[in-house]
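Working notes, structure below.
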Amino acid sequence: MPDNIVCQGCMLAKDGIHLPGGWALNHYEGGEGYLGWLAIAPVAHRMTLAALSDEEQFTFMSNVVAIEAAMSSYRMDDRIVRFYMCYFAESLVTHPFHFHVHLIPRYESLQMKAWDMAKATKSEGFPEKYQKTPERIKALMDYLREVLKSPR
Ligand SMILES: [Zn+2]
């Protein structure tokens, strides 16, 4: 795939928090999900893991480690203890597929398994405090932008 492709995923990445090695971080905007559900993607158009440059491969995990550390220090009334890291290799919105990995937070108080999560977030009674609002997303992303720009 030539590097001059610009897809919807490229545009999302361009607007995200830019991270070392050509990566970008966005809050997931899909219909399901909840506060803190992030996606990391290369800024350049890539469709697969194998298409990542050497630098993108090497910097991917160091960025994920930094994001996990930042998320676990995010101050709210529940703690994000870790997250699921999911590479579905498919997308409902971006064509052609733009490589990205979902980082889905696991809150300490939410006793949910991965397979229940997407369904639960669309159900009535899903706790309001985890629902994503523009204000909550902005506060979290402002926090991450500040923390992740620190040298590491
Ligand atoms: Zn793209």
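Every number here is computed from the coordinates shown, using simple stated rules; none is lab data. From a predicted model like this one, the values you see are computed outputs, not experimental measurements.
The table below gives the values:
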quantity: Cα gyration tensor shape of region 8-148, rounded if a/c is under 1.5, else prolate or oblate by comparing a/b with b/c; calculated: prolate
quantity: Full-extension gain in nm, Arg82 to Arg145, via 0.36 nm per residue minus C-alpha separation; calculated: 20.8 nm
quantity: Between helix 134-148 and the chain: long-axis angle, C-alpha atoms, 0 to 90°, nearest 10; calculated: 60 degrees
quantity: Mean ellipticity per residue at 222 nm, deg cm²/dmol - from DSSP H runs of n ≥ 4 across the chain, formula -39500 (n - 2.57); calculated: -10500 deg cm²/dmol
quantity: Amide H partners (placed H, <5 Å) of Phe83, local residues excluded; calculated: Arg106
